[in-house]
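Enquirer: The structure is given below, and queries will be raised subsequently.
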Amino acid sequence: MTIDLRKDFVDYAKSLDKASEDPNIKKALTRAVSSYRSTVAETLERFPHTAELAEEVRELKSQSIANLDKLLEQAMASVERNKGKAFYAKDHESALEIALGIIGTNKTVVKGKSMLGEELLLREYLEEHGNEVWETDLGEFILQLRKDRPMHIVSPSIHVPREQVAEVFSKFFGKEVPPDIAEEVKVVREFMREKYFTAEIGISGANVVAADTGAMVIIENEGNVRLSTGAPPVHIVIVGIEKIVPTFQEAMKVAEVTWRYAQYGIPGYVNIISGPSKTGDIEKVTTYGAHGPKEFYVIFVDNGRSEMAKQETFSEALHCLRCGGCMYECPVFQVTAGHFGHIYMGGIGTIWTAFVAGGMEKAAPMAYSCLRCGRCVERCPMSINVPAMVGELRKRSIYGE
Amino acid sequence: MTMKNKMPMVLDIISDNIIKHGNPLALKGSEAAAWAKGLDLPVKGELLFYTGGEYQMLPFIDSLVKTITHVDQGSKVFSVMMGVRNLIEKKTGINAEKIYASVLAKDKDRYNSVCLKAAKVLQGLGYEFCYAGNEELYSGALLYELGYLEDMREYVENVVEVVKKSGAKTIVCLSPHAAEVFKFVYPKMVEGFDFEIVTFVDLVWQRRDKLTKLQFPGAVVIHDSCRLARELGIHQELRDILDSLGVEVKEAPRNRDWTTCCGGPIKILFPELSHVIGSRRVNELKESGSEHILTSCPYCLSALEGGRAKGDSAIVEDLIEFLYRGVRA
Ligand code: SF4
């Protein structure tokens with residue numbers, strides 16, 4: 001079978017060209033890149049052990065990916081032991097079905113930021129099935145209202161300046177919201193507060209999972225994850241199977257390296273959640289659902305990841321911590337933002353696109369827009385050799401898979 | 001079931017040209033070797049001077065890119081133009097040879113003479129070398145870049161044959177792209193490919209104490225080529241060479257192994273974006289305080305040259321051109 005990609009290339013080139021002329025992208029990215037560079041430099045200097053720790057994490061991630069099956073089994077058992085419910089979703093559809101099975105319809109859902117959520121188009125799916133879903137991360141909320149898609153994995157609404165935020169907020173809230181960042185933050189805070197406490201379901205991702213304890217580590221700054229995972233009676237974690245590492249101690253190392261390269265000395269909040277809320281205060285009888293959720297579910301999503309793990313050239317792409325550092329250093333990303341992407345972005349995103357979200361049709365044009373200049377490898381705490389993988393993807397797009 | 005993709009025509013044509021004509025743009029060997037007339041370089045020797053035709057073809061690539069920027073790559077007209085020497089269809093009303101004819105003589109002269117200048121610089125430093133002349137074949141770096149690895153496997157045999165004929169032990173490459181594939185890709189494809197691979201920069205650096213000081217007013221800024229700096233690890237050498245010439249070097253905000261790409265690698269498929277990236281890099285380099293940009297790679301040279309805004313006072317030169325000032329003096 002032959003797929004004609006020529007039009008895809010032309011359309012993609014047009015979208016890149018258009019993005020590169022967008023003054024908002026230009027302004028926002030210029031600001032973001034220079035702030036990323038200076039904060040990271042400063043943070044790495046302040047915590048000089050980070051580079052070495054990153055090397056250790058690289059090794060442990062590669063061991064973990066090599067033992068994926070075993071770790072998954074162990075992590076699922078740990079979640080169950082903690083009185084949570086663990087699911088394995090082989091693919092996109094089953095992940096959505098499992099989530100819907102837990103949630104049902106006519107529910108209010110508050111959701112934290114998750115690239116996996118984007119991959120699955122989870123919010124859209126739940127909405128289609130009669131639920132009200134709110135993105136609680138400010139950036140994601142802005143995009144939800146704009147019907148827009150993320151332009152960076154850590155700062156999704158990087159391309160939307162305050163004036164445009166004010167515009168969309170004024171329309172949504174039905175009152176004048178001035179283009180003042182503090183005011184903008186405030187209206188969302190007020191609005192969300194009520195949602196947290198009326199929602200039946202909270203959904204979050206996880207940055208790392210410890211197989212031994214079943215602990216989910218979730219890094220955040222806004223506090224929205226605390227509230228979405230703490231207030232509603234049900235908490236669902238959706239997480240890619242590549243996020244599992246053997247032990248709690250190791251999970252902490254991964255977390256530290258992740259936030260450091262995401263330009264934080266220390267993030268505002270690190271949530272560690274391993275089961276439903278419980279108390280034994282009355283007669284030592286364990287009762288679930290004290291202040292937090294009574295029910296706790298974890299959906300481990302594969303969706304192409306274990307296939308990736310089997311392929312020598314590509315398994316390394318699963319080491320990605322989603323710190324977003326490489327994107328700031330990518331000359332193509334710097335002028336096009338998430339337009340160099342399809343859900344997942346930039347060079348590393350090209351590999352993820354090929355395997356988990358979009359397929360070769362979407363990945364091939366992206367692969368050819370990569371300069372293979374190699375600067376992402378310099379930045380990447382995991383030293384992921386993206387240019388080599390892009391080369392291999394190009395080869396596959398020429399000769400077929 | 002194997003899935004096959006129909007890829008943009010420009011990829012097929014460039015790879016076809018390399019495989020059939022030994023050059024991405026089907027330049028004739030005699031054209032690519034014209035610069036060496038009068039030098040009487042031997043065809044055999046210890047050290048092989050290798051241009052790969054890369055500097056020589058730069059103006060043609062530019063003219064091609066100018067054409068494709070305005071033509072839909074899926075169209076018939078486009079395929080005809082890209083086929084240039086393979087296929088000329090009169091009916092389309094486009095003279096395929098036009099691309100070649102439209103190249104400015106001054107550009108052709110400039111890029112052709114880079115090879116001559118490189119040869120003279122090396123001779124000035126006392127190096128003796130041989131050159132394959134009309135027979136020299138392109139390294140195939142673009143086959144590697146663009147994903148045509150299986151075709152490359154076959155193609156490199158022709159290149160190796162020519163290279164072996166010289167009897168050389170060492171190959172000196174003007175382009176870091178050629179050096180990269182000779183060093184890292186050929187050994188995996190060709191058994192016993194054990195040539196020592198060096199770049200022009202390496203050889204100059206080894207004899208930098210023989211360089212004569214240049215009376216150069218002002219300072220220069222180095223644009224480190226990605227391949228040279230990150231793949232081949234050559235960046236301090238450039239600074240040392242300029243130091244030996246007595247020329248002050250100003251540094252750009254992003255340099256050495258953190259250098260910013262010139263945008264060149266995506267020029268053929270994404271010409272406009274490539275141009276944006278090139279201009280940004282020119283501006284970044286100018287932040288150093290110098291407007292005299294030196295690089296050491298044919299594609300960087302052409303991409304940065306193209307990235308200069310109209311009327312921009314910046315000067316973009318290859319290190320080879322810069323060093324040649326000393327030869328003339
Ligand atoms: S590829 Fe590396 S730098 Fe990029 S997001 Fe992943 S871990 Fe961070």
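The values are calculated or read from the model by the stated rules, or taken from the named source; none is laboratory data. Predicted, not measured: the structure shown is a model, and the values here were computed from it. As a convention, Cβ positions derive from the backbone with ideal geometry for all residues, glycine included, and neighbour counts pool all protein chains shown. Ligands, DNA and RNA are excluded from the accessible area calculation, which covers all protein heavy atoms including side chains. Shrake-Rupley method; radii C 1.70, N 1.55, O 1.52, S 1.80 Å.
Enquirer: Under 19 Å from a point placed 7 Å out from the Cα of B:Asn283 along the Cα-to-Cβ direction: which residues of region B:228-261 have their backbone N that close?
Expert: Hits in region B:228-261 for B:Asn283 at 19 Å: B:252-255, B:259-261.
Enquirer: Counting pairwise Cα distances across the protein assembly as shown, what percent come out greater than 52 angstrom?
Expert: Here the long-distance tail beyond 52 Å is 19 percent of all Cα pairs in the protein assembly as shown.
Enquirer: Sort B:298-305, A:170-177 for me by packing, meaning the mean count of neighbouring Cβ atoms within 10 Å per residue, highest on top. Don't skip to the end; give the middle numbers.
Expert: Numbers: B:298-305: 27.1, A:170-177: 12.9.
For the peptides B:298-305, A:170-177, the packing ranking is B:298-305, A:170-177.
Enquirer: Test of the criteria: in region A:195-297, which GluC sites (Glu not before Pro) are in a DSSP loop and have at most 14 other Cβ atoms within 10 angstrom of their Cβ?
Expert: Values: sites: A:Glu200, A:Glu220, A:Glu222, A:Glu242, A:Glu250, A:Glu256, A:Glu283, A:Glu295; in loops: A:Glu200, A:Glu222, A:Glu283.
Sparse-neighbourhood loop GluC sites (Glu not before Pro): A:Glu283.
Enquirer: Say each of A:Val33 and A:Glu401 gets a label point 7 Å from the Cα, pointing the same way as Cα to Cβ; how far apart are those two points in nm?
Expert: Inter-label distance under the simple model: 3.3 nm.
Enquirer: Run the reach check for B:Lys66 against aspartates and glutamates, Cα to Cα strictly under 13 Å, same-chain hits fewer than 8 apart removed. What comes back?
Expert: B:Lys66 reaches B:Glu272.
Enquirer: Go ahead and set up a Gaussian network model of chain B, Cα springs under 10 Å, then flag whichever of B:Phe49, B:Phe270, B:Phe200 fluctuates most.
Expert: B:Phe270
Enquirer: Let's see if you can work this out: charge +1 on each Lys and Arg Cβ, -1 on each Asp and Glu Cβ, no other charges. What is the dipole magnitude of the protein assembly as shown about its Cα centre, in debye to the nearest 20?
Expert: Working: 88 positive and 99 negative charges, 231 e Å.
Result for the protein assembly as shown is approximately 1120 debye, rounded to the nearest 20.
Enquirer: For chain A, give the magnitude of the charge dipole about the Cα centre (Cβ charges: +1 Lys/Arg, -1 Asp/Glu; no others), in debye to the nearest 20. Walk me through the numbers before you get to the answer.
Expert: Numbers: 47 positive and 55 negative charges, 66 e Å.
Using only the charged Cβ atoms, the result is roughly 320 debye.
Enquirer: How charged is the neighbourhood of A:Trp259? Take every other residue with its Cβ under 12 Å from the Cβ of A:Trp259, and add Lys/Arg as +1 and Asp/Glu as -1. Before the final figure, lay out the partial values.
Expert: Working: positive: A:Lys253, A:Arg260, A:Arg322; negative: A:Glu220, A:Glu256.
Residues near A:Trp259 contribute +1 overall.
Enquirer: Points 7 angstrom from Cα along the Cβ direction at A:Glu127 and B:Glu128: gap in nanometres?
Expert: Label-label distance for A:Glu127 and B:Glu128, simple model: 7.7 nm.
Enquirer: Go ahead and collect, in residue order, the members of region B:241-279 whose backbone nitrogen is under 13 Å from a label point 7 Å along the Cα-Cβ direction of B:Leu214.
Expert: Counting only backbone N, you get B:241-250.
Enquirer: Here is a follow-up. Grab the Cα-Cα distance for A:Lys85 and A:Glu378, subtract it from 0.36 nm times how many residues apart they are, and report the gain in nm with one decimal. Can you show the working numbers first?
Expert: Working: separation 293, 0.36 × 293 = 105.48 nm, distance 4.00 nm.
That pair, A:Lys85 and A:Glu378, stretches by 101.5 nm at full extension.
Enquirer: Over the C-alpha atoms of chain B, what are the Rg and the largest Cα-to-Cα span, Dmax, in Å?
Expert: Taking only Cα atoms of chain B, I get Rg and Dmax of 19.5, 66 Å.
Enquirer: Rounded to the nearest 0.05, what FRET efficiency do A:Ile181 and A:Glu21 have when you use their Cβ-Cβ distance and R0 = 22 Å?
Expert: Numbers: r = 26 Å, r/R0 = 1.18.
Calculated value: 0.25.
Enquirer: Taking K and R as +1 and D and E as -1, what net charge do the other residues with C-beta under 12 Å from the C-beta of B:Arg256 add up to? If you can, show how the numbers build up before the last one.
Expert: Working: positive: A:Arg375, B:Arg230, B:Arg239, B:Arg254; negative: A:Glu378, B:Asp224, B:Glu237, B:Glu251, B:Asp257.
Overall, the nearby charge balance is -1.
Enquirer: Express the carbon and sulfur contribution to the solvent-accessible surface of region B:211-328 as a percent, rounded to the nearest whole number, probe 1.4 angstrom. Spell out each step's value before the answer.
Expert: Numbers: 1950 of 4150 Å².
Looking at region B:211-328 in its full context, I get 47 percent from C and S.
Enquirer: Given a 1.4 Å probe, how much area per residue of chain B is accessible, in Å²? Please report the intermediate quantities before stating the final value.
Expert: Values: 13580 Å² over 329 residues.
I get 41 Å² per residue for chain B.
Enquirer: How big a patch of accessible area, both sides summed and in Å² to the nearest 100, lies buried between B and A at a 1.4 Å probe? Provide the component values of the computation, followed by the final result.
Expert: Working: alone 15530 and 18240 Å², together 29900 Å².
The contact between A and B buries close to 3900 Å².
Enquirer: Which positions within region B:135-161 get 20 Å² or more of their accessible surface covered by the other protein chains, compared to the chain by itself, with a 1.4 angstrom probe?
Expert: B:Tyr144, B:Glu145, B:Leu146, B:Gly147, B:Tyr148, B:Leu149, B:Glu150
Enquirer: DSSP loop trypsin sites (Lys or Arg not before Pro) in region B:221-329 with at most 10 other Cβ atoms within 10 Å of their Cβ, which ones? Mind showing how you got there, number by number?
Expert: Values: sites: B:Arg227, B:Arg230, B:Arg239, B:Lys250, B:Arg254, B:Arg256, B:Lys267, B:Arg280, B:Arg281, B:Lys286, B:Arg308, B:Lys310, B:Arg325, B:Arg328; in loops: B:Arg254, B:Lys267, B:Arg308, B:Lys310.
Those that pass, being in a loop and sparsely packed, are B:Lys310.
Enquirer: What share of the DSSP beta bridges in the protein assembly as shown is antiparallel, in percent to the nearest 5? Don't skip to the answer; put the middle values down first.
Expert: Details: 12 of 58 bridges.
In the protein assembly as shown, approximately 20 percent of DSSP beta bridges are antiparallel ones.
Enquirer: For chain A, just give the cysteines left without a disulfide-compatible partner, judged by no other Cys Cβ under 4.7 Å.
Expert: Among the cysteines of chain A, those whose Cβ sits 4.7 Å or more from every other are A:Cys320, A:Cys323, A:Cys330, A:Cys370, A:Cys380.
Enquirer: Using protein chains only (no ligands, no nucleic acids) and a 1.4 Å probe, work out which residues of region A:358-384 have their accessible area cut by at least 40 Å² relative to the chain alone.
Expert: Buried on complex formation: A:Tyr368, A:Leu371, A:Arg372, A:Cys373, A:Arg375, A:Glu378.
Enquirer: Using just the helices of chain B, give the 222 nm mean residue ellipticity in deg cm²/dmol: DSSP H runs with n ≥ 4 each add -39,500 (n - 2.57), and the total is spread over all residues, rounded to 500. The partial results should precede the final answer.
Expert: Numbers: 15 runs with 149 residues, N = 329.
Computed mean residue ellipticity for chain B: -13500 deg cm²/dmol.
Enquirer: Considering only B:Glu191, B:Glu46, B:Glu248, give the residue with the highest GNM mean-square fluctuation for chain B, with springs between Cα atoms whenever their separation is below 10 Å.
Expert: Of B:Glu191, B:Glu46, B:Glu248, the most mobile in the Gaussian network model is B:Glu191.
Enquirer: If you don't mind, another one. Determine the per residue accessible area of region A:52-303 with all protein chains present and a 1.4 angstrom probe, expressed in square angstrom. Could you put the intermediate results ahead of the total?
Expert: Working: 10970 Å² over 252 residues.
So region A:52-303 comes to 44 Å² accessible per residue, rounded to a whole number.
Enquirer: Restricting to DSSP H runs of at least four residues, report the calculated mean residue ellipticity at 222 nm for chain A, -39500 (n - 2.57) per run over all residues, nearest 500 deg cm²/dmol.
Expert: Working: 20 runs with 216 residues, N = 401.
One gets -16000 deg cm²/dmol as the mean residue ellipticity at 222 nm.
Enquirer: Can you quote the Å³ per residue value for the convex hull of the Cα atoms in chain A, rounded to an integer? All intermediate terms of the calculation are to be shown ahead of the outcome.
Expert: On the way: hull volume 58.5 nm³, N = 401.
Roughly 146 Å³ of hull volume per residue.
Enquirer: With a 10 Å cut-off between alpha carbons and a GNM built on chain B, which of B:Gly22, B:Gly311, B:Gly263 moves the most?
Expert: Between B:Gly22, B:Gly311, B:Gly263, it is B:Gly311 that shows the largest mean-square fluctuation.
Enquirer: Could you name every residue in region A:1-37 that has 50 Å² or more less accessible surface in the full protein assembly than in its own chain alone (probe 1.4 Å, ligands and nucleic acids excluded)?
Expert: A:Met1, A:Ile3, A:Arg6, A:Phe9, A:Asp17
Enquirer: Measuring from label point to label point, each 7 Å out along Cα→Cβ, what is the B:Val43 to B:Glu191 span in nm?
Expert: 2.8 nm
Enquirer: So, one more: Quick one: if you take sqrt(5λ) for each eigenvalue of the C-alpha gyration tensor of region B:200-295, what semi-axes come out, biggest first, whole angstrom?
Expert: Working: eigenvalues 130, 51, 22 Å².
Whole-Å semi-axes of the equivalent ellipsoid: 25, 16, 10.
Enquirer: Next question. Would you work out what percent of the accessible area of chain A, with all protein chains in place, is carbon or sulfur (probe 1.4 Å)?
Expert: On the way: 8310 of 16320 Å².
Here carbon and sulfur together make up 51 percent of the probe-accessible area.
Enquirer: Continuing with this model, one more query. Relative contact order of region B:211-328: what whole-number percent is it, with Cα pairs under 8 angstrom and at least 6 residues apart? Intermediate results must be reported in sequence, preceding the final value.
Expert: Values: 204 pairs, mean separation 34.4, N = 118.
Relative CO of region B:211-328 lands at 29 percent.
Enquirer: Please give every one of the lysines within straight-line cross-link reach of B:Lys37, meaning a C-alpha to C-alpha distance under 19 Å, and leave out same-chain neighbours fewer than 8 residues apart.
Expert: B:Lys28, B:Lys106, B:Lys108, B:Lys117, B:Lys120
Enquirer: Sticking with this one: I'd like the distance between the alpha-carbon centres of region A:221-257 and region A:17-79, rounded to an integer number of Å.
Expert: Going from one Cα centre to the other spans 15 Å.
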